[in-house]
Amino acid sequence: MSWIDELLVEGTHWGRLETASGTAEHVPDALKHLAQARTEDEAKAAYWELDNEVVVQGRLYEAAVPVVSVLLAMLQGQLSRVARARVVDLLVEIALGDPPARGDKPDGGLGELCRALVREGIWTVYGLLLDEDPAIRQCALLVVANLDTDAARARRVLAHLSKTDADERTRARASAQLR
């Protein structure tokens, strides 16, 4: 974890934020585990410390908001291939998620807050379209297609990917997003 990631983590009062299982006091350690993961097993374990906590089947919890900033910062640093893939997976789940469905508690705009943060980091997401891993490119194009406020730019990029990407499934996904 870079010093920037650490400062973002340390600057958040995690104990005051809600996750699916209670407070977010465990989230800093989970983020550190994810950043330090070197094997697929380590990356999956760290991922599951966050998934089903800050986001559960598309439902967002308060802790998802600061997690977005940390994930975007992590993507700027040095991550193992497996950690990078899980960071991107989690970012997409949060970016395309919705707040928890609870009749007795207003969502507080969590979904829009998270999407706004991702939009602020949209160039990081665009950079993922150049990643060697087709799964990462596919995740990035979903975010670009759904969140870029410049729809014309997103369509140009998706059209380009639909014709030129080296991976057939990535081309197909880009084509599908154009419809």
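At a glance:
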| read-out | value |
| --- | --- |
| Test for A145: is it assigned to a helix (DSSP H, G or I) and touching a helix residue (DSSP H, G or I) at 6+ places or on another chain (Cβ under 8 Å) | yes |
| Residue count, the stretch 85-131 (criterion: within 19 Å of T149 (Cα to Cα), modelled with pLDDT under 95 and part of a loop (DSSP other than H, G, I, E, B)) | 3 |
| Residues being over 11 Å from the mean Cα position of the chain (by Cα), β-branched (V, I, T) and modelled with pLDDT of 95 or more - total across the stretch 55-83 | 1 |
| Selection status of Y61, under 30 Å from S162 (Cβ atoms) and aromatic (F, W, Y) | no |
| Residue match in the stretch 12-30 (condition: under 12 Å from the mean Cα position of the chain (by Cα) and either touching a residue at least 12 places away in the same chain (Cβ under 8 Å) or not in a loop (DSSP other than H, G, I, E, B) (or both)) | no |
| Subset of the stretch 31-63 (residues that are within 19 Å of R81 (Cβ to Cβ) and free of Cβ contacts under 8 Å to residues at least 24 places away in the same chain) | H33, D41, A45, W48 |
| Hey, T124 under 15 Å from the mean Cα position of the chain (by Cα) and hydroxyl-bearing (S, T, Y) or not | yes |
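The values are calculated or read from the model by the stated rules, or taken from the named source; none is laboratory data. Not measured: the values here are computed from a predicted model. Don't worry about glycine lacking a Cβ; one is built from the backbone with ideal geometry, like all the others, and counts go over all protein chains shown.
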